[in-house]
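Quick notes on the structure that follows.
The values are calculated or read from the model by the stated rules, or taken from the named source; none is laboratory data. Because the structure is predicted, anything quoted here is derived from the model rather than measured. Methodologically, a virtual Cβ is constructed for each residue, glycine included, from the backbone with ideal geometry; neighbour enumeration extends over all protein chains shown.
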Amino acid sequence: MRQLCRGRVLGISVAIAHGVFSGSLNILLKFLISRYQFTFLTLVQCLTSSTAALSLELLRRLGLIAVPPFGLSLARSFAGVAVLSTLQSSLTLWSLRGLSLPMYVVFKRCLPLVTMLIGVLVLKNGAPSPGVLAAVLITTCGAALAGAGDLTGDPVGYVTGVLAVLVHAAYLVLIQKASADTEHGPLTAQYVIAVSATPLLVICSFASTDSIHAWTFPGWKDPAMVSIFVACILIGCAMNFTTLHCTYINSAVTTSFVGVVKSIATITVGMVAFSDVEPTSLFIAGVVVNTLGSIIYCVAKFVETRRQSNYEDLESQAAAEEPQSSGDLLPFAMEELPAEGGNSGSEGAERAGGSIQQGHTHCEGGFRDHMLQEYQPLYHIHQEHQPLDHIHQEYQPLDHIHQEYQPLDHIHQEYQPLDHMLQEYQPLDHMHQEHQFLDHMH
């Protein structure tokens, strides 16, 4: 029970951490783009990946984390996740450049529906529950309603926003699939993704000239801008890990809904701090409907988790009764069976049956099966002696006849002295026969 509660607390804690890091990263990146006109987004992505790769490699060599060394077989296991992770982060940064922060959040609120659909097709884990399905549909309708109230963004931003949602959903589903197909944890997954993506991102950063022109950016003289830049890199590493960890522990749909819940604070900060969107009636109505869908999802998942926990509690109680019942039993002493004789075999089987019945009165649950397995040899002996019992039953009439003729045996014993006298008078019979011959001759 304590381990189950610890697992629930861990899942909730990771989900909250993912929401905090994800929302903070979105706000800080929007600060860099809107306030400081920092457009070198590929450099941010490259430094985030390389920082994670170098940090995890250093910790692995120091023996502080249990991560296997990077190899081709390990890279092959997470190849799809690494590609989608790189593409998803790139599309996210480009959509933040072309969309307002509240509108970007509205796009991200469509993520649960896409994740659920892709998860059903790829994972084939069955249809979601009615509560989860209703929550996803309501959330998506709210996002569409809010999007209808803000059509002032860049068309490229809208395209990249849609692509970011699709790729992000596929990325989360592949993470969940990798967690089921491989024995590696989320830390190993982040290590492999970072090491695999860093060379490609370095090439992309130089190809886009971000790594070349970024050093001439005048904002490096501002300590606040440098602090925000460093914070974006560090929080990006933490967000990537919590994304993997939350998907491993919970599910892809739950991870996507965490972003929906934290988006309320993000929208508020975006409207107050950046003033890049007017809060129209349609936009506010969409946010309200979206939030309602998020609440319904939380309630539906809570009910599902409660039912699952009750089922697991019943299983744990049944498993705990087995050693407890076995500890209360007195030791059994098996009776020795005679080696021969049909009756002895049946008697041994009866004694075994009596012992088993006695065991049945004391045993409960799984211990009853354990005792039956111990006494299976006695049943086997009983089955072997059944033909002898059958022969004994066939010859029971002869025993009855023998019992009827026992008085004759008694009479025979009484006349045994007469037999002895007859044997003594046998010479006289011989003499009598000789006299009969002489009489005949005469």
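Overview of values
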| quantity | calculated |
| --- | --- |
| Which listed residue is of a type in the set (S, T, N, Q), at pLDDT 80 or above and over 30 Å from A285 (Cβ atoms), from Q88, Q45 | Q45 |
| Matching entry among F241, F229 (being under 20 Å from F78 (Cβ atoms) and at pLDDT 85 or above) | F241 |
| Those helices (runs of 4 or more DSSP H) lying entirely in the range 1-107 with at least 2 residues in contact with a Gly (Cβ under 7 Å, 6 or more places away or on another chain) | 2-34, 79-98 |
| Residue list for the range 163-201, restricted to those being farther than 25 Å from N250 by Cα and surrounded by fewer than 16 Cβ atoms within 10 Å (Cβ to Cβ) | P199, L200 |
| Residues satisfying the stated conditions in the range 124-161, i.e. within 20 Å of the chain's Cα centre (by Cα) and either surrounded by 23 or more Cβ atoms within 10 Å (Cβ to Cβ) or modelled with pLDDT under 75 (or both) | K124, N125, G126, A127, P128 |
| Helices (runs of 4 or more DSSP H) within the range 146-258 that include 1 or more residues basic (K, R) and under 20 Å from L111 (Cα atoms) | 155-181 |
| Within the range 39-49, considering residues that are hydroxyl-bearing (S, T, Y) and surrounded by 18 or more Cβ atoms within 10 Å (Cβ to Cβ), the one nearest to S95 (Cα to Cα) | T42 |
| Cross-chain or 6+ apart pairs with Cβ under 7 Å, the range 97-113 first and of a type in the set (K, R), then modelled with pLDDT under 70 | K108/G259; K108/S263; R109/V260; R109/S263 |
| Residue that is surrounded by the fewest Cβ atoms within 10 Å (Cβ to Cβ), among those in the range 94-121 that are within 20 Å of V136 (Cβ to Cβ) and aromatic (F, W, Y) | F107 |
| Answer from A180, A164, A214 - the residue that is over 30 Å from S77 (Cα atoms) and in the same structural domain as L41 (by TED's automatic domain parsing) | A214 |
| Top-ranked residue in the range 202-235 [being within 43 Å of the chain's Cα centre (by Cα) and aliphatic (A, V, I, L, M); ranked as surrounded by the most Cβ atoms within 10 Å (Cβ to Cβ)] | I235 |
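Table: residues versus (1) hydrophobic (A, V, I, L, M, F, W, C); (2) crowded, with 21+ Cβ neighbours inside 10 Å.
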site: S13; (1), (2): no, no
site: H18; (1), (2): no, yes
site: T51; (1), (2): no, no
site: L58; (1), (2): yes, no
site: A66; (1), (2): yes, no
site: F78; (1), (2): yes, yes
site: T86; (1), (2): no, yes
